């Protein structure tokens, strides 16, 4: 019993000392990536615009200037409790494609006092070909591939929020 308690305590200390997980894809502006309690059941999700500052900085061949018609796809899943109490994405409950701005107000009220995960990706045209970015998420060293093996099963590390 004492060893189990010590192990749990040590894991908490390690987690408190770890730097925040890096963002993969578009950085969320609201809500913040971790299980943040929001103030509305119809939140206005916001994220950084594409192309991102990192894309502009890395643009040695001028490809960013050729990007046209940027829109965004947004997905929200209700969470269920998974292993070790970690939230696991359950049913996809909200989906919008071709959102014209880097923000979107959820059009239907979400359930009260409920945890969700969400993600966003950019869709754009480059040299007359449609392209998309990866789905945005936190990147933890123990997470699997960036894209889930099955499109309907998202990874653990999409951004989290909880409704009032």
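Read-outs throughout are calculated quantities, based only on the coordinates presented, and are distinct from any laboratory measurement. What you see is a predicted model, and the numbers here were worked out from it, not measured in a lab. Here Cβ is always computed from backbone atoms with ideal geometry, including for glycine, and neighbour counts include all displayed protein chains.
Quick one: which of 102-111, 22-31 comes out on top by average Cβ neighbours within 10 Å, and what's the full order, highest first?
Numbers: 102-111: 14.1, 22-31: 18.0.
With the highest mean Cβ count within 10 Å placed first, the list reads 22-31, 102-111.
Pulled fully out, how much extra length does the chain show between residue 64 and residue 29, if you take 0.36 nm times their separation in residues and subtract their Cα-Cα distance?
Difference between extended and current length: 10.4 nm.
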